[in-house]
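Some notes on the structure that comes next.
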Amino acid sequence: MTNAPEITEEDLTASAIAWDLEPLLNGKEIDEFLDRADALAEEIEADFKNRISELDAGGLATLMEKFAEYEEILGRVGSYAGLKFSENTTDPANGARLAKVEERATRAQTHLVFFELEWSALDEAHVEGLLEDERLEFCTHYLRNIRRYREHLLTEPEEKLLTEKSVSGKAAWVRLFDELTSAITVEIPNPSDPESSETTVAGLEQGLSLLQHPDRELRRRAAEAITEGLAPGLKTRAYVFNTLLLDKSVDDRLRTYDSWISSRNLANEASDESVQALVDAVVARYDIPQRWYSLKAKVLGLDRLADYDRMASVAGDEAQFTWSEAREIVLDSYASFSPEMSEVAKRFMDDGWLDAPVRPGKRPGAFCAYTVPSHHPYVLLNWTSKARDVSTLAHELGHGIHAWLARDQGIFHQSTPLTLAETASVFGETVTTNALLSRLDDPGARFSLLAEILEGSIATVFRQIAMNRFEDAVHTSRREEGEISPDRFGELWAQTQEAMLGHSVEITEGYRTWWSYIPHFIGTPGYVYAYSYGQLLALSVYSRFEVNGDDFVPAYIEMLSAGGSKSPEELGAIVGCDLGNPSFWDAGLEIVAGQLEAAEAAALEAGRLS
């Protein structure tokens, strides 16, 4: 870490690092976008409904260009409304704007339901003949993917009804959950004086960040404060979750999906069998996190870790990172791999593409919003000046770089399935941590960083699969047993966490409610395994970079630039990865096992074990 001559509060909190969302609107009013989207939707319906089977390749290309314009318009205004809401979920104006955009967009979408149904009904040979025409290259993969859903589509009146009701159904419950979790406050202890009884009211993110503190008593008090902060709205959040679990079960039944995860797998262009192979492979190596947490207990001088100890820093003291330091670390790390990627990352920090500071009402966590290809992505952080924040910055910038490089693919092919969407972010995080590791000679410092690298892999690979097992349990329970009580949620959460942790970590009673703030379960059910998929893929990709050096960089950039224009298997093949081989996951897990062995050896070398 670079020693700055003076640490200012502004630099420590990144208070000046705010995004500029206004260019999304280009000086126009929201209603102008929505009115144009309405007009386009009505025009498309009038010109093309009941005619899809008659279109030649040129006619289909004309239709898809109109669709692209429609998606671009709604993408701009929808991104603006969503990101403004993320800035402050407690501001009624932000909520009203988001609701207006969602309601208008949903109403416009009902005019376009016909297309997916008519396109999916076409003869396969006719479709393939059309898609061979180069005029459709900008949407070929997208059009093929639509037809993968044909067995799960309903009639046009049913699809219209579900579309119309979605904004007052699932979307409304997801928004309520976001508002509830953004309003959670915790009375955290003073990190500069752990012995003091003094507390400060803070947001959930700041409370969670204290779990990395080296002082165990402070971690324990922070965990208790988080549990207390989660308690007041627990029953309400459980009801929201129950409602969405039921909503999904009805949707899956109507659409004849085989399981609760099938629709997510279809969206990810992955078979149920391949995803289960990933889950089984990771569960079979739960010994890796258990070995690490047993080792960590020894390093920390404990007989056994408690759940609030898992994230504890193994460094001698907890380092704080200013924004300037993090900026230098991340940009230098990206530059060591690709100057082009570093320049893109720099634009996020310098050009108003990133919002960093913690603020009241701000959405918890971190994310990258792709927006639309004609604009640029945005990154949201909740900066607390911890080492993990530096990794998170590198991670989210990986998403941003991926979006930027893939923008030439256009609206239909810029985004990848979720399983590949995590690859660039995890790769960027790995580049950053490994670049830092190469600078360190001190055994203690090397152990601390190796521990951080390993813990990142454990959190991304094993914890996410444990959360997938929790999702599997609650979706199954809701369908077979009915509404789930908060206590039952807690039981299933503890069981799936304990399966991963074994006897290496004690699950405290308070931790049983911590499922209740995780947004992925609510907004994107089934999402979490994509983190594990992406991590193992990214580690395998990085191992190829270590072997091939600079010769590997063009292939990697080619893969990112391809966006979602190809299948996951085809994209993986660009960088030499065979995603169709079930043993591929075992190879990635061996890399994580190697990280564990390196951390064990470093702990001995640094004298951290008795």
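Is it the case that Thr460 is closer than 18 Å to Ala366 by Cβ, of a type in the set (S, T, N, Q) and surrounded by 20 or more Cβ atoms within 10 Å (Cβ to Cβ)? So Thr460 passes the test. Residues of the range 493-547 that are surrounded by fewer than 24 Cβ atoms within 10 Å (Cβ to Cβ), of a type in the set (S, T, N, Q) and at pLDDT 95 or above: Gln495, Thr496, Gln497, Ser504, Thr508, Thr513. If the condition is being part of a helix (DSSP H, G or I), in contact (Cβ under 8 Å) with a residue 24 or more places away in the chain, of a type in the set (Ser, Thr, Tyr) and out of contact with any strand residue (DSSP E or B) (no Cβ under 7 Å at 6 or more places or on another chain), then the range 55-100 contributes Tyr70, Tyr80. Residues in the range 445-469 that are among the aromatic types (Phe, Trp, Tyr), out of contact with any Phe, Trp or Tyr (no Cβ under 8 Å at 6 or more places or on another chain) and farther than 15 Å from Ser313 by Cα: none. Among residues of the range 38-52 that are surrounded by 17 or more Cβ atoms within 10 Å (Cβ to Cβ), those with a Cβ under 6 angstrom from a residue that is of a type in the set (Ser, Thr, Tyr), sequence gap 6+ or separate chain, pair up as Leu40/Tyr70. One residue alone among Glu179, Glu217 is in a helix (DSSP H, G or I) and out of contact with any helix residue (DSSP H, G or I) (no Cβ under 9 Å at 6 or more places or on another chain), and that residue is Glu217. Summed over the range 364-395, residues that are in contact with a Leu (Cβ under 7 Å, 6 or more places away or on another chain), closer than 19 Å to Tyr80 by Cα and not small (Gly, Ala, Ser) total 7.
Answer yes or no: is there a residue in the range 558-581 that is crowded, with 21+ Cβ neighbours inside 10 Å, under 21 Å from Ala459 (Cβ atoms) and in contact with a helix residue (DSSP H, G or I) (Cβ under 7 Å, 6 or more places away or on another chain). No. Of all the listed residues (Ala37, Ala96), the sole one being modelled with pLDDT of 95 or more and within 26 Å of the chain's Cα centre (by Cα) is Ala96. Going through (1) modelled with pLDDT under 95; (2) surrounded by fewer than 23 Cβ atoms within 10 Å (Cβ to Cβ); (3) more than 16 Å from the chain's Cα centre (by Cα); (4) over 18 Å from Glu9 (Cβ atoms) one by one, Val390 falls short only on (2). On inspection, Glu605 does not qualify as surrounded by fewer than 20 Cβ atoms within 10 Å (Cβ to Cβ) and either aliphatic (A, V, I, L, M) or without any contact (Cβ under 8 Å) to a residue 12 or more places away in the chain (or both). Annotation note: of Tyr556, Tyr542, Tyr511, the sole residue that is assigned to a helix (DSSP H, G or I) and either closer than 17 Å to Ser415 by Cβ or more than 22 Å from the chain's Cα centre (by Cα) (or both) is Tyr511.
Only a single criterion out of (1) more than 14 Å from the chain's Cα centre (by Cα); (2) crowded, with 24+ Cβ neighbours inside 10 Å is not satisfied by Gln414, namely (2). Taking first residues from the range 246-271 that are without any contact (Cβ under 8 Å) to a residue 40 or more places away in the chain and closer than 20 Å to Val474 by Cα and partners that are part of a helix (DSSP H, G or I) and of a type outside the set (Ser, Thr, Tyr), the Cβ contacts under 6 Å between residues at least 6 apart in sequence or on separate chains come to Ser262/Asp272.
Conditions tested, residue by residue: (1) over 25 Å from Phe521 (Cα atoms); (2) part of a helix (DSSP H, G or I); (3) among the small types (Gly, Ala, Ser).
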{"position": "Ala108", "(1), (2), (3)": "yes, yes, yes"}
{"position": "Val113", "(1), (2), (3)": "yes, yes, no"}
{"position": "Glu118", "(1), (2), (3)": "yes, yes, no"}
{"position": "Leu130", "(1), (2), (3)": "yes, yes, no"}
{"position": "Glu137", "(1), (2), (3)": "yes, yes, no"}
{"position": "Thr140", "(1), (2), (3)": "yes, yes, no"}
{"position": "Arg144", "(1), (2), (3)": "yes, yes, no"}
{"position": "Lys165", "(1), (2), (3)": "no, yes, no"}
{"position": "Ala171", "(1), (2), (3)": "no, yes, yes"}
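The values are calculated or read from the model by the stated rules, or taken from the named source; none is laboratory data. Predicted model only: the values in this text are computed from it and were never measured. For neighbour counting, all protein chains shown are included, and Cβ atoms are generated from backbone atoms with ideal geometry for every residue, glycine included.
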